[in-house]
1. Out of the range 13-28, which residues are β-branched (V, I, T), under 14 Å from L77 (Cβ atoms) and over 12 Å from the mean Cα position of the chain (by Cα)?
2. If you take the residues of the range 165-214 that are among the hydroxyl-bearing types (S, T, Y) and in contact with a helix residue (DSSP H, G or I) (Cβ under 6 Å, 6 or more places away or on another chain), which of them is modelled with the highest pLDDT?
3. Filter the range 165-187 for residues that are in a loop (DSSP other than H, G, I, E, B) and surrounded by 18 or more Cβ atoms within 10 Å (Cβ to Cβ) and give the result.
4. For the range 102-117, does any single residue satisfy the condition of being in contact with a Leu (Cβ under 6 Å, 6 or more places away or on another chain) and either without any contact (Cβ under 8 Å) to a residue 60 or more places away in the chain or outside any helix (DSSP H, G or I) (or both)?
5. Given the conditions (1) in contact with an Asp or Glu (Cβ under 8 Å, 6 or more places away or on another chain); (2) modelled with pLDDT under 75, and given that A86 satisfies all but one, which numbered condition is not satisfied?
6. Just give me the residues in the range 135-191 being closer than 26 Å to F67 by Cβ and of a type in the set (S, T, Y), in sequence order.
7. Regarding the range 26-45, can at least one residue be identified that is farther than 27 Å from V171 by Cβ, outside any loop (DSSP other than H, G, I, E, B), in contact with a strand residue (DSSP E or B) (Cβ under 8 Å, 6 or more places away or on another chain) and at pLDDT 70 or above?
8. Give the residues of the range 129-164 that are part of a helix (DSSP H, G or I), modelled with pLDDT under 85, crowded, with 16+ Cβ neighbours inside 10 Å and not polar (S, T, N, Q), sorted by residue number.
Amino acid sequence: MTMRDSELEGPVNKTNIERITNALFAFTMTLLIRNLTVPAGMWESEEVLFASLGQFLVDLTIYLFVFLVLAVTWVLLFRVYRNIVAVDLGFVARVFVALLLVVFLPITSQIDAAIDAPIAGVFSQLNLGLLGVTTWALFRYAAARPALRDPRLTDHHVTRMLRREYIVLPVSSAVALILSAVGVDLAGVVYLVAPVALWWMIEHDGLDRNSLPG
């Protein structure tokens, strides 16, 4: 079943998908900031103060890291939404899998923090890898269905560039996991390449130049 925004409004349409995506991203980012707390008793002594500040900086770094990855994922999801004209139940199911993985990010990052894992430990990396694969699969699903995709996605140059954009997060996750497996500390910094690479790709994918009037 396919529904278009111009047709009967219902629980399964593009507008509502965008709304629930924004709501869950906002919820997740709010939940992340709640994990940042000022340690109790940090003023007891100079040693305690520096130890508390060190732990707070670690927690802040984890927060900024996860926030950055969420921002990249949000951009990728909305680039899919922008380039479809309708949704179907298969598309909706894939969106909810991606959103479930988004909501899990604060949990997996806190598990890594609890076991003193470095930034983006194995649990976060697995979460991010699954999220990247799910986002890539969502794009491929929409691009392969003429009933869903915008006519801009018939441009072969644009679709080729978009396919490359959607493998950035899965590839980053795979590289980080390999580095972690061979004992490289702070392997998660690999993910910092993602926003830079995506910025360059989005600037050169030709999608904006292929926008249709109206």
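The values are calculated or read from the model by the stated rules, or taken from the named source; none is laboratory data. This is a predicted model, so every value here is computed, not measured. Cβ coordinates were reconstructed from backbone atoms using ideal geometry, including for glycine residues, and neighbour counts include every protein chain displayed.
1. Here is the first cut: in the range 13-28, the residues β-branched (V, I, T) are 15, 17, 20-21, 28.
Next, from what is left, pick out any that are under 14 Å from L77 (Cβ atoms): 17, 20-21, 28.
Matches in the range 13-28: I17, I20.
2. First, the residues of the range 165-214 that are among the hydroxyl-bearing types (S, T, Y): 166, 172-173, 180, 191, 211.
Subset that is in contact with a helix residue (DSSP H, G or I) (Cβ under 6 Å, 6 or more places away or on another chain): 166, 172-173, 180, 191.
Numbers: Y166: 87, S172: 83, S173: 81, S180: 74, Y191: 76.
Among those that are among the hydroxyl-bearing types (S, T, Y) and in contact with a helix residue (DSSP H, G or I) (Cβ under 6 Å, 6 or more places away or on another chain), it is Y166.
3. First pass over the range 165-187, keeping only residues in a loop (DSSP other than H, G, I, E, B): 166-167, 182-186.
Once the filter is applied, which keeps residues that are in a loop (DSSP other than H, G, I, E, B) and surrounded by 18 or more Cβ atoms within 10 Å (Cβ to Cβ), the range 165-187 yields only Y166.
4. No: zero hits.
5. Answer for A86: the failing condition is (2).
6. T135, Y166, S172, S173, S180, Y191
7. Narrowing the range 26-45 to residues farther than 27 Å from V171 by Cβ: 26-27, 30-31, 33-45.
Now restrict to residues that are outside any loop (DSSP other than H, G, I, E, B): 26-27, 30-31, 33-34.
Now restrict to residues that are in contact with a strand residue (DSSP E or B) (Cβ under 8 Å, 6 or more places away or on another chain): none.
No, every residue in the range 26-45 fails to be farther than 27 Å from V171 by Cβ, outside any loop (DSSP other than H, G, I, E, B), in contact with a strand residue (DSSP E or B) (Cβ under 8 Å, 6 or more places away or on another chain) and at pLDDT 70 or above.
8. Let us first name the residues in the range 129-164 that are part of a helix (DSSP H, G or I), namely 129-143, 151-154, 156-164.
Adding the requirement that they be modelled with pLDDT under 85 leaves 151-154, 156-164.
Okay, now just the ones that are also crowded, with 16+ Cβ neighbours inside 10 Å, so 152-153, 158-159, 161-162.
If the condition is that a residue be part of a helix (DSSP H, G or I), modelled with pLDDT under 85, crowded, with 16+ Cβ neighbours inside 10 Å and not polar (S, T, N, Q), then R152, L153, V158, M161, L162 are the ones that fit.
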